[in-house]
Every structure is written in C-alpha cells, then in structure tokens.
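Since the structure comes first, as structure tokens, the remarks are kept for the end.
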Amino acid sequence: MSDILEFAPCGYIRFSDTGTIERINSTLANWIGAPKQIIEGQLIQSLLPKAGQIFLQSFIFPQLKFSADLEECHFKLLTRSGERIPVLGNFYWRDRERTEAPQLDGSVTLYDVIIIRAHKRHELENALVLAQQKADAAVRELQKSNDALGRFANMVAHDLKSPLQNMNRLAGYLIDDYEDVLDDGGRDLLQKLDSTSQRAIYFVEKLLAYGRLGAKNTLEAVDLKDVVTIASETFGEAIAATSATLKIGKLPTVMGIETQLVQLFENLLGNAIKYRSSGRSLIIDIQAIQLSEREWKIWVKDNGVGIPAQHQQDIFDILFRLHGKDYEGAGIGLATCKWIVQNHFGTIGVESNIDTGSSFYFTLRSPDR
C-alpha cells in the first residue's frame with residue numbers, strides 16, 4: 001500500500017466477497033483503536049454493530065454482487081471501546097478491467113472501500129452553506145453599492161454636461177462675433193477653448209453611455225452572425241474608405257443580450273479600424289471555436305499597430321488610453337467590452353505584438369440543449 005493511501009485522512013479497507021478483511025490503512029486502524037495486524041484477517045462484520053451487520057448482509061453484499069460498486073453508503077463503525085462512528089463509504093470492485101459484474105465462478109472477488117467520517121462531511125456542507133450565504137450577502141451589498149455609484153456617476157455626468165455645452169456655445173459665439181477684432185493669440189485661445197469644451201462634452205457623453213449599461217442577466221439565444229452583420233454595417237463607410245477586408249467565419253448561436261453583443265462587436269471593429277497600420281491594408285478576421293458543449297471562444301483579429309505586452313491588461317480599464325492624443329477616443333470602449341462579456345458570464349483578453357496586430361478574444365455560453 002502506498003504511503004499516500006496508508007496515511008490518508010480517509011479510511012481504507014480491502015475485503016473479499018466472503019467478508020474477510022485483506023488490508024486496512026493506519027487511519028482506519030486508529031479510528032477502530034486496534035493494530036492493523038489484529039484487524040486484518042477478521043471478518044468485516046467485526047467492525048460493525050449488530051444493525052450494521054444486518055445491513056451488510058441484506059443490502060451491501062447483494063448490491064455489490066449485482067452492480068460491483070456502491071457509493072454514498074451510510075453506516076456506523078464499531079470501535080474497540082464500543083463507540084459508534086457514523087461514516088460514509090464508497091465501495092468499488094477491484095477488478096475494474098472487467099465489464100460485467102462479479103460472478104460466482106469460484107474465484108475470490110476483492111472490493112476496496114474508501115471511508116470518510118460523516119460528521120466531517122456535515123461540517124464541510126455546513127461551512128459551504130455558510131460561505132455561500134456570506135457570498136450572497138456580499139453580492140447584494142456590492143450590487144447596492146454599484147447601483148448607488150452608478151446613480152451618482154450619472155448625476156455628476158449629467159450635471160457636468162450642461163455647463164460644458166454652455167461653455168462650448170459661448171466659445172462659438174466669441175469666434176463668430178469677435179474673431180475679427182482679436183489678434184492671432186486671442187483667436188488661437190478661442191479655438192483651444194472651443195476644441196477643449198467639445199472634448200470634455202465627448203468624454204461626459206461616453207461616461208453617461210457607460211453608466212447606462214444595465215446589469216441585465218436575462219440571456220436569450222442570439223445568432224452571432226446577425227450580430228456581426230448589424231455591427232459591421234455601422235462601419236460600412238469606414239471599411240470602404242480604408243480599403244479594409246472583413247473576414248467572417250462560421251459563427252454560432254449563443255446565450256446573450258443582442259443589443260449588448262452588437263455594442264461589443266462595434267467597439268472591437270471600431271478599435272481595429274482606429275488602430276490600423278499605415279503601412280498595409282487592414283484585415284479584420286472574426287472567427288469562433290467551440291471549447292465545450294457549453295462554451296464558445298470568439299476572437300476579432302486585426303493586423304494593426306499592436307499593443308505592448310506591458311499594457312495588454314491595462315487597456316480594459318476604464319479611461320485608460322494607450323496612445324494618448326495620437327488617436328481619438330475616451331478610453332471607455334474596451335472597458336465597455338469587458339463589462340459586456342462579464343455580464344454574459346464570460347472572460348475577455350488580448351494577444352498582441354507590436355507592428356503585427358492584435359487578437360481580442362472572449363467566451364460566451366452555448367444555448368441550453
């Protein structure tokens with residue numbers, strides 16, 4: 001017997017179909033309170049109280065002869081001091097290579113039994129229930145906090161938008177009415193004021209859009225082919241203007257929220273177009289592969305400028321902008337992608353190399369069969 005089994009936290013018995021104990025481990029011997037050498041060779045009935053002996057003869061033995069295995073079987077062990085220990089046993093026919101149940105052909109049939117103390121299982125089950133209750137309570141509190149934070153963010157963004165629009169409007173009036181009386185420096189300051197206020201309004205609108213994402217979890221069957229068609233139509237002119245090639249493979253039906261999935265693909269397509277390489281024609285490749293019966297992996301691959309390795313996780317953070325003022329954007333698009341994928345119980349990531357391109361991938365669930 002290996003040391004792993006000998007000193008495992010569970011008990012172990014090997015016995016024959018006559019009930020003779022062939023071997024036990026030290027853990028079980030300690031429970032019984034007798035040396036292994038004394039227990040081995042005895043009948044397994046000697047380890048059971050009277051009720052357990054009847055249960056063994058009337059149920060366990062017949063069941064083993066019929067099906068070879070028996071799992072989740074409750075009984076009690078009898079210690080040398082007379083204590084009864086509730087246990088849970090799993091019985092396995094040792095000759096696993098044969099496909100039929102044991103036969104009465106004169107040969108000795110051996111069974112292995114793995115035993116755990118029942119109170120340990122109850123303790124683990126109770127601990128699991130308690131942990132689940134705490135997790136549920138934490139999720140509820142987090143949801144309340146997120147809801148409150150979302151309302152606050154919407155309120156702040158909404159209140160900011162109005163004065164920013166007024167600032168932009170006033171800058172426009174000054175440019176229209178007083179541009180002729182200002183010198184070059186004054187006109188330049190007004191132009192900067194106008195562009196800065198427009199930029200601030202753009203950021204606020206993006207923040208408002210992000211804040212309006214609802215934590216809706218009612219998923220329905222959605223054909224990703226239709227989703228990608230809708231999303232690609234949004235960028236039809238940009239794709240034509242940049243001579244980009246859009247390759248779309250066979251896409252599955254998944255569980256999702258159609259409007260959010262359209263937004264997901266729009267953000268990824270827009271990202272690929274924005275960060276295309278100036279030295280070659282843009283190619284965007286959308287493909288899917290089934291990981292299991294319940295899960296698909298989808299990726300949107302491009303041959304654009306790429307993302308440095310040290311920033312490939314940061315790009316999914318809200319307001320993170322890798323390329324600064326070199327490209328337009330608010331740093332919210334990929335954060336929105338992450339939120340949408342997580343709202344669909346999936347994961348999202350990217351693989352990228354500088355001057356080679358990026359491959360954004362995410363997982364979605366298959367419809368229930």
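The values are calculated or read from the model by the stated rules, or taken from the named source; none is laboratory data. All of these numbers come straight from a predicted model, not from anything done at the bench. Ideal geometry is used to build each Cβ from the backbone, glycine not excepted, and the neighbour counts take in all protein chains shown. For the accessible areas, the whole protein counts, side chains as well, though only heavy atoms, and no ligand, DNA or RNA atoms are used. Shrake-Rupley method; radii C 1.70, N 1.55, O 1.52, S 1.80 Å.
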Report summary line: Heavy-atom accessible area of residue 356, protein chains in place, probe 1.4 angstrom, given in Å² to nearest 10, is 90 Å²
Query raised in the report: Using 0.36 nm per residue, how much length does the chain from residue 259 to residue 173 gain when fully extended, once their Cα-Cα distance is taken away?
Result: 27.1 nm
Query raised in the report: So how far apart, in nm, are the two label points at residue 58 and residue 223 if each is 7 Å from Cα heading toward Cβ?
Result: 6.2 nm
Query raised in the report: FRET efficiency for residue 7 and residue 368, Cβ-Cβ distance as r, R0 = 45 Å, nearest 0.05?
Result: 0.55
Query raised in the report: Taking the Cα centre of each part, how many Å lie between the stretch 65-85 and the stretch 161-188?
Result: 88 Å
Query - Accessible-area order (highest first, 1.4 angstrom probe) of the listed residues 337, 10 - result: 10, 337
Query raised in the report: Label-point separation (nm) for residue 243 and residue 37, each offset 7 Å from Cα along Cα-to-Cβ?
Result: 9.0 nm
Report summary line: Expressed in square angstrom to the nearest 10, the accessible area of residue 365 with a 1.4 Å probe stands at 100 Å²
**Report entry** Cα→Cβ-extended label distance, 7 Å offset, between residue 353 and residue 297, nm
**Finding:** 1.8 nm
Query - Gain upon complete extension [residue 22, residue 80; 0.36 nm per residue less C-alpha separation] - result: 19.0 nm
Query raised in the report: Taking square-rooted eigenvalues a ≥ b ≥ c of the alpha carbon gyration tensor, is the stretch 25-64 rounded, prolate or oblate, where a/c under 1.5 means rounded and, failing that, a/b exceeding b/c means prolate?
Result: prolate
